[in-house]
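Read the structure below first, then the notes.
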């Protein structure tokens, strides 16, 4: 990457981009390469970015709604929708301005249309189609989960096929990426996602009242307090032990944690909403149980893929993405699992693990290269709050009934 590209990559604030304000000065050069504008509004972050077909991030902008929803105790769809409406134009204009390009310079506009919150998806789609209609630009509808899965190919040289584990507040999915828009779904959560569970445990523990965590999101607060907690003070039964598949479940685990919290509140003579003296131990035990459950199911996915020659028996790759992928305790466990099974573990940088416009633009580049889903007439495009990823072969996984070896014998992480 040349010095200009490196400068552009860092130029995500308007102050650094004053000299890029004029589109006309650069339009001739920009047309020598293909540029995609990505727009993301699937949940509570409004994101936009411009990426070129060489993988250079030319500019990006993001409006995060975290503080608003923290005050409310959770994401309220109508509030998220209104905040997207208020910020989407400014976010898109900032990304374009930092990039030094105009909409007319773009090869396509890529936008998340599935899955996600209906009210949020609708804002991004409506705004994007307005641009597409005004500038007659090709449109690429993006599957949010596919974008997360392929983001690693922007930051690392990764060949297909590879195993993908997506961990976030809304998703928990194991799949094999065989190509752009070519996925085999091995398993997914049957109820809530790990990020959602950790957030709910944090709310039940009233961690916003903890002096170390008042400005932290729930999952981040759990991770922070768990560092100095004793996970061995509480042991939680792992979900779905009787099922030899790659599905996940976190709602039952959340109930087990809640029961311990209720018991401890009685023992300490405090009411719900007051801080327990043992919050760090509960946080550590809950995080450990979540990590173990994820690792066990991922282990089975590895064994299934090797047994059925879906992945190579040597030098296979596990990609972990999504917001929960930035949890260092969970990542450490997955790294130990990967090392023990001769898998390379790759994760996008933390800022690309959460929802953002860069991953959407990059997915657009991938699809543009492959000639997949590039629409020159986007009539009839609708958002889809629920949308499966690829071909579901989870029944085949269960039919194989693969027994996962004892983790203590396989990875030393458990002893740490």
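The values are calculated or read from the model by the stated rules, or taken from the named source; none is laboratory data. The shown structure was predicted, so the numbers you read here are calculated from the model rather than taken from an experiment. Cβ placement follows ideal geometry from the backbone for every residue including glycine, while neighbour counts extend to all protein chains displayed.
Computed values, structure above
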item: Candidates 157, 144, filtered to the one that is under 22 Å from residue 348 (Cα atoms) and free of Cβ contacts under 8 Å to residues at least 12 places away in the same chain; result: 157
item: Any chance residue 12 is surrounded by 14 or more Cβ atoms within 10 Å (Cβ to Cβ) and either part of a loop (DSSP other than H, G, I, E, B) or modelled with pLDDT under 75 (or both); result: yes
item: Every residue from the range 308-327 that is in contact (Cβ under 8 Å) with a residue 24 or more places away in the chain, outside any strand (DSSP E or B) and in contact with a helix residue (DSSP H, G or I) (Cβ under 7 Å, 6 or more places away or on another chain); result: 311, 322, 323, 324, 325, 326, 327
item: Members of the range 290-334 that are in contact with a strand residue (DSSP E or B) (Cβ under 6 Å, 6 or more places away or on another chain) and surrounded by fewer than 18 Cβ atoms within 10 Å (Cβ to Cβ); result: 310
item: Complete set of residues in the range 363-397 that are surrounded by fewer than 14 Cβ atoms within 10 Å (Cβ to Cβ), more than 22 Å from the chain's Cα centre (by Cα) and not in a helix (DSSP H, G or I); result: 371, 372, 376, 377, 379, 380, 382
item: Strands (runs of 3 or more DSSP E) lying entirely in the range 52-152 (those with 1 or more residues that are in the same structural domain as residue 364 (by TED's automatic domain parsing) and closer than 26 Å to residue 377 by Cα); result: 108-114, 139-143
item: Meets criteria (surrounded by 21 or more Cβ atoms within 10 Å (Cβ to Cβ), at negative phi and not assigned by TED's automatic domain parsing to the domain that holds residue 306) for residue 156; result: no
item: Positions within the range 214-223 being surrounded by fewer than 22 Cβ atoms within 10 Å (Cβ to Cβ) and free of Cβ contacts under 8 Å to residues at least 24 places away in the same chain, in sequence order; result: 214, 215, 216, 220
item: Within the range 269-286, considering residues that are in contact (Cβ under 8 Å) with a residue 60 or more places away in the chain and part of a helix (DSSP H, G or I), the one farthest from residue 191 (Cα to Cα); result: 279
item: Sole exception among (1) surrounded by fewer than 17 Cβ atoms within 10 Å (Cβ to Cβ); (2) not in a helix (DSSP H, G or I) for residue 266, by number; result: (2)
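Yes/no matrix, rows are residues, columns are (1) touching a helix residue (DSSP H, G or I) at 6+ places or on another chain (Cβ under 7 Å); (2) crowded, with 16+ Cβ neighbours inside 10 Å; (3) closer than 22 Å to residue 355 by Cα:
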site: 163; (1), (2), (3): yes, yes, yes
site: 177; (1), (2), (3): yes, yes, yes
site: 184; (1), (2), (3): no, yes, no
site: 192; (1), (2), (3): yes, yes, yes
site: 200; (1), (2), (3): yes, yes, yes
site: 209; (1), (2), (3): no, no, no
site: 212; (1), (2), (3): yes, no, no
site: 232; (1), (2), (3): no, no, no
site: 238; (1), (2), (3): yes, yes, no
